[in-house]
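Below is one structure, written out as structure tokens, with a few remarks after it.
Any read-out appearing in this document is the output of simple, stated calculations on the displayed coordinates, not a laboratory observation. All of these numbers come straight from a predicted model, not from anything done at the bench. Here Cβ is always computed from backbone atoms with ideal geometry, including for glycine, and neighbour counts include all displayed protein chains.
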Amino acid sequence: MTWWSSNRLRLIQNNLREVDANMDVDALIHQLKQLEANVLMMNAGGIFAFYPSRLRYHYVTPYLKKDLLGEAIAKAHANGIRFIARFDFSKAHESVFRQRPEWFYRTREGREVNYYGIVHTCLNGGYQQRYSLDILTEVLSSYDVDGVFFNMFGYQNWDYSGNHYGICYCDNCRTRFREMYGLQLPEPEQQDDFVYRKYREFQEITAMEMLDTIHDHIKALNPQTAISTYHPHKVDIVRHESATALNRASSKWLYSAAENVMPISGSYDDKLSSNCSINAIDLTYRFTGVSRYETEIRLYENLVNGSGLDFCIIGVFEDYPDMDNMDSVAKVFRFHKKHEHLFGSFSSMADVVLVKPPASERDSYTEYLGLFKMLKESHILFDVISQNRLEQLRRSRARVVVLPGITRTTAEELDVLLEARDGGKHILATGAALSAQTTALSRLFGTSVDTIIADTTASYMVVDDKAMYPELERKQWVIVQGPFAVLHPGSQASAKLPYMAPSSFGPPERAYGHELTDRYGLVLFGNTTDSKGMGAYMGWNVGRLYHDHGFADHKYIVCGAIRHLLNGTATLRARAHPSVEINLHRLPDESYMLQLLNLSGFNGSTYEAPIDMHDIEIQLRGIGQVDHVEALVDGQTAELQRDENLIALKIPKLGVYAAYHLQGNT
């Protein structure tokens, strides 16, 4: 068992500036102990060495007056704190560039990227391919580090000011791409260009090969050293960041922490997810933090979804100009410390698996995000499994698998889905999933696409089944926009949501003439009593509509279909506001952890204190005997009621967060 496998990290990262090289380590350790942190991440090397490196091309910051790395590790360990050494090999000091220019990134015109004396390296150059291993050897052979973290791993085409330089055209990239594909590097960076798609594949393959090399190198030096970066391949701790940026076009994502954690915990058994709450509001404004309420949500959301805690500031605490978040950080860290024996070993109680498509599939990814939001707001217990990890379905207790606009599957992925369906799992597809992959569509749903209506402006779905959609009792039509894949239902299928064809919408005097068609927005295959799972298909982008516009009608459509597929077997049902995030997990001793997080303080752009929620009722089905409920947060209570196979909890008041340990008479 490794030190990190308990999944109880309370990590603080001090992202050091070179001027911090002579920092007061004792003051830092005192602050970490006040926070109950058990892991410190701090700079070791790469751009700057924060120890007296003896390597010719490892630039030591001139501010270094002592062995900072050695002192920090020794004092952290003396106080029971693990140490993760941070490296950044994506760039190097310009003095290294002058000596070894062949190691560095080049634009199409052959220019380097020099950002205030720091120059971009290339993943295929000698610095990352070979010299980084020399640096790692020096550090791991000289210092007792518990883990290593690689910042900005992979191909970096942007500078810190947001300037985009395009793909790397250095000789190393040209040669390696030609050797692998027999092609020249692509000129246009366009997804529909064959050569560019091959280049994206090249990036993924070469990045994973580098991670293979790093993994083997580090584990040979010390197998107990944790490896961490943002890519999951051959790492132990997959790191993500919940962060804001002033130039980000999309709105703030309330579920940032949850969505960072869940795909890792759902897709891997041998990796930890560590989602870092970045204090700074932007890279350009590192010394002002986001709202303390946003920080609380991120940290609690880590816990609610089965991860540990991770928080980062620039520099050191004693001269950091914005300490407004630190009380919130301390509160959450201390809570976790007090109850850490109950965290870290959660087992899923999900009824639904939401499949996560690659982010490069933009339409599918947006469909996925909309469905993610729906499920959270509807208090449906779900896991997220990345599409390339679908084999994890074999271990899932969930009864419904949701495919959000998945464009195509591999043969292996399709086999897993067919196996899941034949084993009793229901498959729900949205966003015209698999409409271009006729074989997969036919094998999963026994149907084919009749036609695709590209423009559905001014059209509707008719709500024809009020039992399936009770929230829409007084609403007859729900809007449709975007492409609509129309299926051949077949004689064995049942169809819902008849499609109302568009008509004139202006001027008002001509806003009439819609005609009902024989096409349907939901087609169901099979029935809920068969041992074989059902299929349900929505050929329109209902998730994207919810993501982009937030009309609750679309949420009710999807969640009504899921409730129909579950057929009354949902593990959790809640009478709670949609802004309350709820999760239930089983613990190793067969007790349960129920967590609630109040997100009501978010108004779409600003985070304020949440509004107290009252009289929440939760019903739990199929979890066995529960005789005692322990409220872990001071001031929170819950009334327990039992009725045969049903456990009911009444929570009179919810503040920011609540956690309840549900125990049987053992």
Next item on the list: Provide the gained length on full extension for the span residue 511 to residue 569, in nm with one decimal, where the gain is 0.36 nm per separating residue minus the Cα-Cα distance.
Entry: 16.5 nm
Check: Taking chymotrypsin sites (Phe, Trp or Tyr not before Pro) that fall in a DSSP loop and have at most 11 other Cβ atoms within 10 Å as cut points, what is the longest piece of the chain between them?
Finding: 161-511
Check: Roughly speaking, what is the centre-to-centre gap between the stretch 209-226 and the stretch 58-93 when only Cα atoms are used, to the nearest Å?
Finding: 19 Å
Notebook entry, point to check: Taking Cα pairs under 8 Å and at least six residues apart, what relative contact order does the chain come out at, in percent?
Noted result: 10 percent
Item checked: Long pairs among 91/198; 555/653; 496/555, criterion Cα-Cα beyond 19 Å -> 91/198; 555/653
Notebook entry, point to check: Under a 5 Å amide H to amide H cut-off, with H placed in plane at 1.01 Å, what residues pair with residue 354 once short-range neighbours are removed?
Noted result: 383, 384, 385, 402
Notebook entry, point to check: Which residues in the stretch 111-144 have a backbone N closer than 15 Å to a point placed 7 Å from the Cα of residue 183 along the Cα-to-Cβ line?
Noted result: none
Margin query: For the stretch 572-663, I need the span (max minus min coordinate) of the C-alpha atoms along each principal axis, in Å, sorted largest to smallest.
Written below: 43, 22, 20
Next item on the list: Would you mind ranking 529, 137, 295 so that the residue whose beta carbon has the fewest other beta carbons within 10 Å leads the list?
Entry: 529, 137, 295
Notebook entry, point to check: Under unit Cβ charges (Lys, Arg +1; Asp, Glu -1), what dipole magnitude, rounded to 20 debye, does the stretch 572-663 have relative to its Cα centre?
Noted result: 240 debye
Check: Which whole-number percent gives the relative contact order of the stretch 350-566, counting Cα pairs below 8 Å spaced six or more residues apart?
Finding: 23 percent
Note to self: What number results when the radius of gyration of the stretch 9-234, computed over Cα atoms, is divided by 2.2 N^0.38 Å?
What the structure shows: 1.08
Next item on the list: For the chain, just the Cα atoms, rotate onto the principal axes and tell me the three extents in Å, largest first.
Entry: 77, 64, 50
Item checked: Dipole axis of the stretch 537-649 (+1 Lys, Arg; -1 Asp, Glu on Cβ), positive-most option in 547, 625, 588 -> 547
Next item on the list: Would you give the gap between the C-alpha center of the stretch 570-600 and the C-alpha center of the stretch 129-149, rounded to a whole Å?
Entry: 42 Å
Check: trypsin sites (Lys or Arg not before Pro), restricted to the stretch 1-85: which are DSSP loop and have at most 14 other Cβ atoms within 10 Å?
Finding: 54, 56, 65, 66
Check: Per residue and in Å³, how big is the convex hull formed by the alpha-carbon atoms of the stretch 350-566?
Finding: 114 Å³
Next item on the list: Over every pair of different alpha-carbon atoms in the stretch 407-493, take the mean of 1/r and invert it; report that Kirkwood radius in Å.
Entry: 14.9 Å
Checklist line | At 0.692 mPa s and 37 °C, Stokes diffusion of the stretch 236-338 via Kirkwood alpha-carbon radius, µm² per second | finding: 232 µm²/s
Checklist line | Point-to-point label distance, residue 628-residue 208, nm (Cα→Cβ direction, 7 Å offset) | finding: 4.9 nm
Note to self: Run the numbers for residue 504 and residue 98: contour at 0.36 nm per residue of separation, minus the present Cα-Cα distance, in nm.
What the structure shows: 139.4 nm
Checklist line | Low-density loop cleavage sites - trypsin sites (Lys or Arg not before Pro) in the stretch 89-126, where at most 11 other Cβ are within 10 Å (DSSP) | finding: 111
Notebook entry, point to check: Across the stretch 532-548, in residue order, what do the Karplus-derived ³J(HN,Hα) couplings come to in whole Hz, using 6.51 cos²θ - 1.76 cosθ + 1.60 with θ = phi - 60° and x for Gly and Pro?
Noted result: 7, x, 7, x, 9, 10, 10, x, 10, 8, 5, x, 5, 4, 6, 4, 7
Note to self: Run lengths n ≥ 4 of DSSP H only: what is the helix-derived mean residue ellipticity at 222 nm for the chain, with -39500 (n - 2.57) per run over all residues, to the nearest 500?
What the structure shows: -8000 deg cm²/dmol
Next item on the list: Give me the number: length gained by fully extending residue 22 to residue 216, i.e. 0.36 nm times residue separation minus the C-alpha to C-alpha distance, one decimal in nm.
Entry: 66.5 nm
Next item on the list: Convert 20 °C to kelvin, take the viscosity as 1.002 mPa s, use the Kirkwood radius over C-alpha pairs of the stretch 506-600 as Rh, and evaluate the Stokes-Einstein diffusion coefficient in µm²/s, rounded to a whole number.
Entry: 124 µm²/s
Notebook entry, point to check: Charges only on Cβ, +1 for Lys and Arg, -1 for Asp and Glu: so what's the dipole of the chain about the Cα centre, in debye to the nearest 20?
Noted result: 460 debye
Notebook entry, point to check: Taking amide H positions as placed 1.01 Å from N in the peptide plane, with prolines and chain starts having none, which residues 5 or more places from residue 312, or on another chain, fall under 5 Å of its amide H?
Noted result: 13, 277, 279
Next item on the list: Could you tell me which GluC sites (Glu not before Pro) in the stretch 453-548 are loop residues by DSSP with no more than 15 other beta carbons within 10 angstrom of their beta carbon?
Entry: 473
Margin query: Can you give me the orientation-averaged projected area of the convex hull built on the Cα atoms of the stretch 293-390, in nm²?
Written below: 8.8 nm²
Next item on the list: Please give, to one decimal in nm, the separation of the simple spin-label points placed at residue 473 and residue 107, each 7 Å out from Cα toward the Cβ.
Entry: 6.4 nm
Checklist line | Pair residue 532, residue 552: separation of 7 Å Cα→Cβ label points (nm) | finding: 3.9 nm
Notebook entry, point to check: What residue among 274, 330, 342 has its Cα farthest toward the positive end of the dipole of the stretch 267-343, where the charges are +1 on Lys, Arg and -1 on Asp, Glu, each on the Cβ?
Noted result: 342
Check: Net charge near residue 503, counting Lys/Arg +1 and Asp/Glu -1 over other residues with Cβ under 14 Å of its Cβ?
Finding: -2
